[in-house]
Amino acid sequence: MVHTYTVALLLGLSAFRGMLCAPLGDASPALDTFNSTSLGFFARATPSPPHFVIYSDRRVSGLTGPPPVAQVKGYNVFALSFLLTEGAFDKAEEWTQLSSSQRSSIKSQYAAAGIKLIVSLFGATDAPTSNGADPIATANTMAAWVKQFNLDGVDVDYEDFDAINVGDGKAEAWLASFTRQLRVQLPQGTYILTHAPVAPWFSPNKFGGGAYLQVHSAVGSLIDWYNVQFYNQGSNEYTSCAGLLTTSSNTWPRSALFQIAASGIPLSKLVIGKPATSGDASNGFMSTSTLAGCVQQAKSQGWNAGVMVWEFPSAAAAWIQSVRSLAFPE
């Protein structure tokens, strides 16, 4: 996924990363605590599939923070993007600019509509492993931010391609340590914790450190689901139902949906991610009608994890209504 204020060209598994970030400041301790009998616990409990996830990074004139719930009807997770190692940017930053009462009001409206509000971490402009960020300290700081600003959880959009491509296992170990510490601070069943890997990172024997097959082996039980990015990986990658669902190309072998599941990733955790328009990604775009047909086909074969889209406002209520229409009509 691409940070709004950084010009990025994603070619294959490369990404340009900007370094100009706002300071995070001192994150305060958790402002709210929950136990298994509190209403707060049930309000935050991890939702069951299908998951319909929309990211929001782009500034929208006249709008600070998330849009009115009517504009995102049909989704059940809204991801404010991004919280970086050096601070909150774009929609995540906008969330901090609202007053506590404004955030509380928005949160209540989203909860009433069945939509969880989370923050997405890192994105294409952050390279935490390559830049030497400490995974434990970073997890602690980011989890404190989530608690301070009363969100439902996090999405780990790790795109440190250089670290994965080195193949020495350090990126995978970093992600495992980071995820474990997030779970210390953001307990499972109380907070959502998702990851958003690119689909090729599930290709067996393609990366020396194992990429996301290794991450899943180490900490998959702590991750609620994967918002898999089936885009930005080549002009002909994941653009047909067959390529998306059953038979990926030789470039990224065994990285189609059901092939990933065959490698041991639970099918119920594999959310199909796509760009809203051809302009929202370098490649991998599908029309809503084509994607709806693929989603219907996948559901007929036992999949029900859901769909992710990058990003609002290119995608909104009408987009997800179309994509859900054949398999998950409202």
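The values are calculated or read from the model by the stated rules, or taken from the named source; none is laboratory data. As the structure is a computational prediction, the values presented were derived from the model and not from experiment. For neighbour counting, all protein chains shown are included, and Cβ atoms are generated from backbone atoms with ideal geometry for every residue, glycine included.
Among the candidates F161, F149, the residue that is among the aromatic types (F, W, Y) and under 26 Å from F230 (Cβ atoms) is uniquely F161. Selection of the stretch 271-287 for residues being assigned to a helix (DSSP H, G or I) and either over 20 Å from the mean Cα position of the chain (by Cα) or surrounded by fewer than 16 Cβ atoms within 10 Å (Cβ to Cβ) (or both) yields S278, G279. Within the stretch 157-168, residues that are more than 10 Å from A124 (Cβ to Cβ) sit with their Cβ atoms under 7 Å from residues that are of a type in the set (D, E, K, R), at 6+ positions apart or across chains, in these pairs: A163/K170.
For the stretch 221-235, state whether one or more residues are charged (D, E, K, R) and out of contact with any strand residue (DSSP E or B) (no Cβ under 6 Å at 6 or more places or on another chain). No: the stretch 221-235 contains no residue that is charged (D, E, K, R) and out of contact with any strand residue (DSSP E or B) (no Cβ under 6 Å at 6 or more places or on another chain). Does D168 meet the test of being under 20 Å from L83 (Cβ atoms) and charged (D, E, K, R)? The answer is no for D168.
Name the residue, out of S248, S268, S255, that is on the phi < 0 side of the Ramachandran plot and surrounded by fewer than 19 Cβ atoms within 10 Å (Cβ to Cβ). Sole residue among the options that is on the phi < 0 side of the Ramachandran plot and surrounded by fewer than 19 Cβ atoms within 10 Å (Cβ to Cβ): S268.
Comparison of S282, S278 shows that the only residue that is free of Cβ contacts under 8 Å to residues at least 12 places away in the same chain and out of contact with any helix residue (DSSP H, G or I) (no Cβ under 9 Å at 6 or more places or on another chain) is S278.
Of the residues making up the stretch 51-82, those that are more than 30 Å from W303 (Cβ to Cβ) and assigned to a strand (DSSP E or B) number 2. Looking at R254, R183, just one residue is farther than 24 Å from V146 by Cβ and basic (K, R), and that residue is R254. Note on the stretch 202-232: residues that are assigned to a helix (DSSP H, G or I), buried (at least 22 other Cβ atoms within 10 Å of the Cβ) and out of contact with any helix residue (DSSP H, G or I) (no Cβ under 7 Å at 6 or more places or on another chain) amount to 1. The residue list A292, A305 contains one member that is in contact with a strand residue (DSSP E or B) (Cβ under 7 Å, 6 or more places away or on another chain) and not β-branched (V, I, T), which is A305.
Within the stretch 235-245, work out how many residues are small (G, A, S) and surrounded by 17 or more Cβ atoms within 10 Å (Cβ to Cβ).
Final tally of qualifying residues: 1.
Does the stretch 288-330 hold any residues that are surrounded by fewer than 17 Cβ atoms within 10 Å (Cβ to Cβ), touching a residue at least 60 places away in the same chain (Cβ under 8 Å) and charged (D, E, K, R), and which are they? E330 - this is the single residue of the stretch 288-330 that is surrounded by fewer than 17 Cβ atoms within 10 Å (Cβ to Cβ), touching a residue at least 60 places away in the same chain (Cβ under 8 Å) and charged (D, E, K, R). Within the stretch 103-117, residues that are assigned to a helix (DSSP H, G or I) reach partners that are among the aromatic types (F, W, Y) and surrounded by 19 or more Cβ atoms within 10 Å (Cβ to Cβ) with beta carbons closer than 8 Å, at six or more positions or on different chains, in the pairs R103/W95; R103/F149; Y110/F78.
A Cβ distance below 7 Å, combined with a sequence gap of six or more or placement on separate chains, defines the contacts here; from the stretch 207-226, residues that are at negative phi and free of Cβ contacts under 8 Å to residues at least 60 places away in the same chain reach residues that are surrounded by fewer than 20 Cβ atoms within 10 Å (Cβ to Cβ) and assigned to a strand (DSSP E or B) in the pairs L222/Q188. When each of A139, A92 is tested for being in a helix (DSSP H, G or I), under 16 Å from T194 (Cα atoms) and either free of Cβ contacts under 8 Å to residues at least 60 places away in the same chain or of a type in the set (S, T, N, Q) (or both), the lone residue that passes is A139.
If I filter the stretch 71-78 for residues that are modelled with pLDDT of 95 or more, within 16 Å of the chain's Cα centre (by Cα), among the small types (G, A, S) and buried (at least 17 other Cβ atoms within 10 Å of the Cβ), do I get at least one hit? Scanning the stretch 71-78, I find no residue that is modelled with pLDDT of 95 or more, within 16 Å of the chain's Cα centre (by Cα), among the small types (G, A, S) and buried (at least 17 other Cβ atoms within 10 Å of the Cβ), so the answer is no. Applying the condition of being surrounded by fewer than 17 Cβ atoms within 10 Å (Cβ to Cβ) and assigned to a helix (DSSP H, G or I) to the stretch 154-184 and asking which residue is farthest from the chain's Cα centre (by Cα) yields V166.
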